[in-house]
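A short reminder: the numbers here are calculations on the coordinates, not readings from a lab. Model, not experiment: these values are computed from the prediction. Here the Cβ is made from the backbone with ideal geometry for all residues, glycine too, and neighbour counts use every protein chain on show.
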Amino acid sequence: MAGISTHVLDSGTGRPGAGMRIDFSVRDGDGWKLVKTLTTNADGRTDQPVLAPDAARTGQYELLFHVGEYFRREPGGGNETPFLDTVPVRFAIFDTQQHYHVPMLCTLWSCSTYRGS
C-alpha cells in the first residue's frame, strides 16, 4: 500500500501519543502549503491515512508534530514552556508505489523518527 501514514509513541511512558495534533504540508515553491490537520487516536495513529495512495505524488512533504501542546496536557507536563514545541519532519516521496510510514517517538526532552514500514 502506497501513501503516507504516521503514529506517535510517548517513549517516556511507553504509551501511544493519543490526541497529538499533526499538520501535514506539501512543498509549494519556496514555502509550505498546509494540506490538512490530523489528530492521533487512542492508539497514537491517525484514523485516516495522512496521504491516500491514489493522491501520492513525488515531492517534498512535512509532518509538523505539536509535541509541546501534547505534553502540556499530559500529567506531569506542567504549564511551563516545553523544551520541544513543534517538531517538523521533512521528507521526500521519490517513488509513489512505495509506502512512507513516518513515526514520531518523543519524550518531554527528545524526539526521533525514522522511515518505517
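Residue by residue, here is whether (1) free of Cβ contacts under 8 Å to residues at least 40 places away in the same chain; (2) among the charged types (D, E, K, R); (3) surrounded by 15 or more Cβ atoms within 10 Å (Cβ to Cβ) holds:
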position	(1), (2), (3)
Ser25	yes, no, yes
Leu51	no, no, yes
Thr81	yes, no, no
Val89	yes, no, yes
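Residues Ser11, Ser5: which one is small (Gly, Ala, Ser), closer than 16 Å to Thr113 by Cβ and more than 11 Å from the chain's Cα centre (by Cα)?
Of Ser11, Ser5, the one residue that is small (Gly, Ala, Ser), closer than 16 Å to Thr113 by Cβ and more than 11 Å from the chain's Cα centre (by Cα) is Ser11.
I'd like to know if the range 63-79 contains one or more residues that are over 16 Å from Thr6 (Cα atoms), of a type in the set (S, T, N, Q) and under 17 Å from the mean Cα position of the chain (by Cα).
no
If I ask for residues that are buried (at least 16 other Cβ atoms within 10 Å of the Cβ), of a type in the set (A, V, I, L, M) and either without any contact (Cβ under 8 Å) to a residue 24 or more places away in the chain or out of contact with any Cys (no Cβ under 9 Å at 6 or more places or on another chain) (or both), which ones from the range 54-77 would you list?
Matches in the range 54-77: Ala56, Leu63, Leu64.
Output the residues belonging to the range 37-55 that are within 29 Å of Trp109 (Cβ to Cβ) and in contact with a strand residue (DSSP E or B) (Cβ under 6 Å, 6 or more places away or on another chain).
Within the range 37-55, Thr37, Leu38, Thr39, Thr40, Asp43, Gly44, Arg45, Thr46, Val50 meet the criteria.
Take the residues in the range 27-49 that are farther than 16 Å from Thr6 by Cα and hydrophobic (A, V, I, L, M, F, W, C), then tell me which one is surrounded by the most Cβ atoms within 10 Å (Cβ to Cβ).
Per the stated criteria, the residue is Trp32.
Looking at (1) out of contact with any helix residue (DSSP H, G or I) (no Cβ under 9 Å at 6 or more places or on another chain); (2) closer than 18 Å to Leu105 by Cβ; (3) part of a strand (DSSP E or B), which one does Val87 not meet, given that it meets all the others?
Unmet for Val87, out of (1) out of contact with any helix residue (DSSP H, G or I) (no Cβ under 9 Å at 6 or more places or on another chain); (2) closer than 18 Å to Leu105 by Cβ; (3) part of a strand (DSSP E or B): (1).
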